[in-house]
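Bear in mind that the values in this text are calculations on the coordinates, not laboratory data. Values in this document were obtained by computation on a predicted structure and should not be read as measured data. Cβ placement follows ideal geometry from the backbone for every residue including glycine, while neighbour counts extend to all protein chains displayed.
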Amino acid sequence: MTEQIIFYLLAIVVTVFSILAVTSKRIVRSATYLLFVLLATAGLYMLLGYYFLFAVQVSVYAGGIMVLFIMAIFLTHKPGNNVSIKQGWRVRLSLLLSVAGLLLCGEIILNNTIGIVRFAGKEEPTMQQIGTAMLGTGKQQYLLSFEMMSILLLACIVGAILIARKTKTEKNEPNETEL
Amino acid sequence: MGELLINNTGVPVLAYQLVSLIMFFAGIYGFFTRRNLMMILISVELILNAADINFAVFNRYLYPGEMEGMFFALFTIAIAACETAVAIAIIINVYRNFGNAEVDNLKKMKG
Amino acid sequence: MEYTLMILLLPLVSFVLLGLFGNKLSHKTSGMIGTGSLLMVALLSFYAAGEYFTTQKVDAIFQTLVPLNVPWLNMGANLHIDMGILLDPLSVMMLVVISTVSLMVHIYSLGYMKGERGFQRYYAFLSLFTFSMMGLVLSTNIFQMYIFWELVGVSSYLLIGFYYTKPAAVAASKKAFIVTRFADMFFLIGILVLSYFTQTFDFGTLTSGNSAIFQQAVSAQFLGASALVWAMALIFIGGAGKSAMFPLHIWLPDAMEGPTPVSALIHAATMVVAGVYLVARLFPVYVLFTPQVLEGIAYVGAFTSMFAAVIAIVQTDIKRVLAFSTISQIGFMMVALGVSKFDGHEGLGYMASLFHLFTHAMFKALLFLGAGSVIHAVHSNEMEKMGGLRKQMPVTHLTFLAACLAIAGIPPFSGFFSKDEILSATYQYNTGLGIWMTLVAALTAFYIFRLYFSIFWGKEKQHAHTPQESPKSMTFPLIFLAIPTLLAGFIPFGQFVTADRAPYSIHMDWLVAVISVIVALEAIFIASKLYQHPDKKPATVPSGLKGFHKAASHRFYVDEVYLLITRKILFNGISRAFAWFDRHVVDGFINGLATATDWLSVRIRGFQSGETEWYAWVFLFGTLLITAWMLFV
């Protein structure tokens, strides 16, 4: 019972704030709403019993990425500007398409998944299991993906720095050192 | 729908899925409607998150002993982080070149 | 007798050599190569003739030898085109004729074409022509003959248009090729009709006298005549084009734009008799199964003879006179074939026609080469510019006189014997036709002696440099050709070439002979009165004949009629419509495709607008579409 109440709370938070995030006229508000959505999603993970995932979501997503977002917002906007909205017909059309998509997928979901409810047993994975799976090389173990993730992160770091650095012509410092 | 609250069987899959569905399409709507690049990025994050919830839910409900869905969600979060970093780098570049971070500026690939 | 393959291949090798490497060889070398190979060909031909005529008789009938016959192209169950060599009296005789005249022309050209630009090309084309003509007469089947027929036409085109910088020569070569090609279209249709019904191309099968193969052809009727009659008539039209019968004669006078040795070889002795050869080759079919076509051939020949002779009387260009004379003489040959029957004495016309072919080749080549010698000395073709040359060019004068006597039919020259046989054959067939042909013979004597007296007698004209006798390379062939002109009449031709291959001893029909000689002598006398002394030349033509004279000197306006038909009817009427169709419908369609593609691409280019949101739209839209399709279809 409590589970259901908590769920509905979190669900309402998610839906309301996600819709607000995409319709707000101010960027910082949009970012804040996104933060709330992410936190609520973390809560949903907790409800499902994935504690590790919850932790990761909070720390990486809600913590790291959101901070990145806010910083980027402040880097790329002159203060005080409000974002402009698009022409009316585009808004209507995308609304229409989104609703259409929603209905389509909703119909598929309704047709295929309505009967499933939760199992009785609650088997959450322990940290030891997660750790072994993350670094193992057997079946259903994710060492390769893990290593590739690390390489991907490296590539993204390097790429982001490379793309965003200032070139000599922009900054008038002759002693700019290469990174 | 009334039994959803009264029964002791827990939250049905359908509910989780509807949540993620709404989040997903909100993200899509935002992607097409927004003019500012940062807002488009926010919409993309919404989409990714919706997919993550889906993974986790299916893993929990259909394959309780396995962990694949959770790991997938984990990796998706990591990838989202990378992608956000690179995207912000690009947006900063756009801002430097055009003075504002609007998607209308990116018209050089015409024809 | 497989060495006869060398007769065919030597000129081909010479053509390839001279054609590919002629630019790098000197004039002398290429002349030597060309003449040398022809000398070998001539020797081989004489040897082959000697061997054939002495050894190939079985029961006093000459056998057909096929030393070589290779199936080349298979079409259907029974039809196949072979490439082979056929030796029978007709083809062996033609071998001798062609190789002799060709050799003489090669030697003559060493002197005549000396120093000309394109000397090597000339010899290469001469070799090509010799190869084609040899292939034509040695063919075993009608399709192989058609292939070589076309090759001969091509060589003729190349040689007539030898002076390709002269527009008149280019026009003449085109005219020759187009007219003969036009006739060859009918030839091809005739071949196809014939082979369709008889299921064979082979000459041996067709001329074996077996009527079973013609059953179907005779029974199939089209517009009142049987298919066989149509086929043979069409084949004759093809032959008539090459042999310059009326009304397909228009190309031959214009073909005189080529060098004179070419005219001697192609347009006097060899190519133009290809039509006669064709009819002679298919003679058993003509005489046994389609005699009505043969009758038509006789009348066409007779009309052409008279027509050409009348025109020849009023021409002023030496070569044109000789060209029309050739047309007229070939008319004689056609008439002789037309009136002939098959067996024994009845086949007199066949034998006479081929005898005349033989002698005519010799004396007509001599006439042309002599004319070339005169033209070379005087640097002009017109008779007005010549006169009194007998003192300055004795060898040419005497040989030319011999040839003129031969063509006029004066004994003991060869022309007398062959023409006499033709005349007696026509008298046997139909007295009226005999009288007509005798009249033509009289005209022949008149115009040829008009030519002779105008060139060699009369007052000497002023020239830039005095004409002298031609070099030895040019006079040697003249002397050589004078020998058969004098003596060939005494060859018992009937022992060699007859319709049914059995020997036939020629009887002299004294009445006909005497009449023809008297008529010829009278004509010569009149000509000498008019032309021998210049002051006696008729300055004005009697007024009644003035219009006729004008028409004859314009060749009776046949060329103008052709031009009218082609320009007004074909070009304006038909070609214009087709050209319009091609330009507007066909090209328009292609252009329309291009325009449509352009328009479409401009529209599609909008898809790559460069706007990121637009791309996102398309992406979403596409995804939804594919999803819906995959789910619901």
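Results, tabulated for the structure shown:
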quantity	calculated
Calculated [θ] (222 nm, deg cm²/dmol) that DSSP helices of n ≥ 4 give over chain C, each run adding -39,500 (n - 2.57)	-22000 deg cm²/dmol
Cα→Cβ-extended label distance, 7 Å offset, between C:GLN63 and A:LEU153, nm	10.5
Charged-residue dipole, Cβ positions (Lys, Arg, Asp, Glu), the range B:2-100 about Cα centre, Debye nearest 20	460
Solvent-free Debye scattering, log10 I(q)/I(0), computed from the Cα coordinates of the range A:1-81 at q = 0.17, 0.19, 0.21 Å⁻¹	-0.71, -0.83, -0.94
Distance between the range A:44-71 and the range C:377-451 - C-alpha centres, whole angstrom	123
Amide N of the range C:32-62 lying under 11 Å from the label point, which is placed 7 angstrom from the Cα of C:LYS472 along Cα→Cβ	none
Exposure proxy order (Cβ contacts within 10 Å, fewest to most) of A:ILE5, C:ILE235, A:ILE73, C:ILE515	A:ILE5, C:ILE515, A:ILE73, C:ILE235
Burial ordering of C:ARG567, B:ARG60, fewest other beta-carbon atoms within 10 Å first	C:ARG567, B:ARG60
Within straight-line cross-link reach of C:LYS166, aspartates and glutamates at Cα separation under 20 Å, skipping those fewer than 8 residues along the same chain	C:GLU116, C:ASP254, C:GLU257, C:ASP317, C:GLU382
Order of C:ILE626, A:ILE109 - criterion: other Cβ atoms within 10 Å of each residue's Cβ, fewest first	C:ILE626, A:ILE109
Sorted largest first, extent of the protein assembly as shown alpha carbons per principal axis (Å)	147, 71, 54
Dipole magnitude of chain C, debye to nearest 20 (Cβ charges: Lys/Arg +1, Asp/Glu -1, about Cα centre)	1920
Cysteines in the protein assembly as shown that, by Cβ-Cβ distance, have no pairing candidate under 4.7 Å	A:CYS105, C:CYS404
Volume of the Cα convex hull of the range B:2-100, divided per residue and given in Å³	92
Cut-off 14 Å between beta-carbons: net charge of the residues surrounding C:ARG576, Lys and Arg +1, Asp and Glu -1	+2
Principal-axis tilt of helix B:37-62 within chain B, Cα atoms, nearest 10 degrees	20
Between 0 and 90°, nearest 10: helix B:13-33 axis offset from chain B longest Cα axis	10
Shielding by other protein chains, A:66-78, mean Cβ within 10 Å	5
Degrees separating the helix B:68-98 axis from the principal Cα axis of chain B, which is the longest one	20
Relative contact order computed over the range A:1-81 (Cα-Cα under 8 Å; 6+ residues apart), in percent	26
C:ASN23-A:GLN128 pseudo-label distance in nm [points 7 Å out on the Cα-to-Cβ vector]	9.5
Inter-probe distance in nm under a simple model that places probes 7 Å from Cα toward Cβ, at C:GLN221 and C:VAL561	3.2
Local electrostatic count at C:GLY161 - Lys and Arg +1, Asp and Glu -1, tallied over other residues with Cβ under 12 Å	+2
Given C:LYS341/C:LYS546; C:LYS114/C:LYS550; C:LYS174/C:LYS459; C:LYS364/C:LYS472; C:LYS341/C:LYS568; C:LYS364/C:LYS568, the pairs whose alpha carbons are separated by over 32 Å	C:LYS341/C:LYS546; C:LYS114/C:LYS550; C:LYS174/C:LYS459; C:LYS341/C:LYS568; C:LYS364/C:LYS568
Cβ crowding within 10 Å averaged over residues, with C:159-172, C:98-111, B:18-31 ranked highest first	C:98-111, B:18-31, C:159-172
C-alpha center-to-center spacing [the range C:184-252, the range C:266-344] in angstrom	18
Relative contact order of chain C, defined on C-alpha pairs under 8 angstrom at six or more residues apart (%)	12
